[in-house]
Amino acid sequence: MYFDPKDGMKPPPFAHTVYNALVVPRPIGWISTISTAGVINLAPYSFFNALCGDPPCVMYCPNGYKTGTTEPKDSLTNVRETGEFVYNMCTFDLLEPMNASSAHVPASVDEMAAAGLEAGECMQVKPPRVKNSPIALECKVLQILDLPPTRNDVPNTTVIGQVVGIHVDDDVIVDGKIDAAKMQPLARLGYLDYAKITADTIFTVPRPD
Ligand SMILES: Cc1cc2nc3c(=O)[nH]c(=O)nc-3n(C[C@H](O)[C@H](O)[C@H](O)COP(=O)(O)O)c2cc1C
């Protein structure tokens, strides 16, 4: 089949918005920020990726509003005001708190504490990292871009940041490499589906040159 996204993202026979299932798997950027009032915010973003490696840059996309409001998501308000965020890797053992941190709660709620997570200190930015996450990237905002809004004029935004500090749990460094099987990173699929990386799903392919 072929469809034009201008006609909507649920063309027959799709019963649900289909786009999220078309670009998979996606990494999950578990983004911590802090408000100017000092409240810690945490939320998962699967419109997230690494953009370049040297200097390392990443991006995440706060799209839409907080449910039932026309207020921007806290992860957007906070970076606009402070220029800082932290990427935390979401691993299989952190699935539940990651999902809990996607709830829309007032900006006054510390979402790290609410999800039962311990905050770890950062070196170069104010927002804390998720202490139990094996990888955290401290980021400073480079640009915030407005993407085209939805057909109902709901905003879509991209936050691009440069990584200024990198935390790696020593336990996942094996023989001088990062051991992905030990971390079991989560991947986002469409709908409410996820996948996890485990030893039996990893294989190595040499490059042709
Ligand atoms: C796995 C997962 C991925 C998500 N990815 C996105 C995303 O890429 N963009 C987005 O706007 N919301 C995304 N959400 C929803 C946000 O996490 C949710 O709106 C959250 O409440 C935003 O919190 P905040 O207001 O604290 O920033 C995702 C939710 C889950 C569970």
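What whole-number value in cubic angstrom gives the convex hull volume per residue for the C-alpha atoms of the stretch 19-198? Don't jump to the answer; show the numbers that get you there.
Working: hull volume 22.0 nm³, N = 180.
Given the Cα convex hull of the stretch 19-198, per-residue volume reads 122 Å³.
In the stretch 68-89, whose amide N lies under 14 Å from the spot 7 Å out along Cα-to-Cβ of ASP153? List them in ranges.
It comes to 70, nothing else.
Which whole-number percent is the relative contact order of the chain (Cα, under 8 Å, 6+ apart)? Before the final figure, lay out the partial values.
Working: 416 pairs, mean separation 47.4, N = 209.
So the answer I get is 23 percent.
Highest first, please rank the peptides 29-36, 81-88 by the mean number of other Cβ atoms sitting within 10 Å of their residues. List each step's numbers first, then the result.
Working: 29-36: 24.2, 81-88: 22.5.
Descending packing order for the listed peptides: 29-36, 81-88.
Need one number: nm distance between label points at VAL105 and THR201, each 7 Å from Cα along Cα→Cβ, rounded to one decimal.
2.8 nm
Could you tell me which of the pairs LYS73/LYS140; LYS6/LYS196; LYS73/LYS177 are separated by over 25 angstrom between their Cα atoms in the structure shown? Kindly include the intermediate steps, with their values, before the conclusion.
On the way: LYS73/LYS140 18 Å; LYS6/LYS196 33 Å; LYS73/LYS177 36 Å.
Check vs 25 Å cut-off fails for LYS6/LYS196; LYS73/LYS177.
As an exercise, use a Förster radius of 25 Å and the Cβ-Cβ distance of ASP170 and VAL141 to find the FRET efficiency, rounded to the nearest 0.05.
Values: r = 29 Å, r/R0 = 1.16.
It comes out at approximately 0.30.
Which residues does the label zone of LYS177 cover in the stretch 127-158, counting backbone N under 20 Å from a point 7 Å along Cα→Cβ?
Counting backbone N atoms under 20 Å from the label point, the list is 134-135.
Order of ARG188, ARG151, ARG80 from fewest to most other C-beta atoms within 10 Å? Don't skip to the answer; put the middle values down first.
Details: ARG188 22, ARG151 11, ARG80 15.
Listing ARG188, ARG151, ARG80 from fewest to most nearby Cβ atoms yields ARG151, ARG80, ARG188.
The numbers here are math on the coordinates, done by the rules we state, and not lab data. None of these values were measured; they are calculated from a predicted model. Here Cβ is always computed from backbone atoms with ideal geometry, including for glycine, and neighbour counts include all displayed protein chains.
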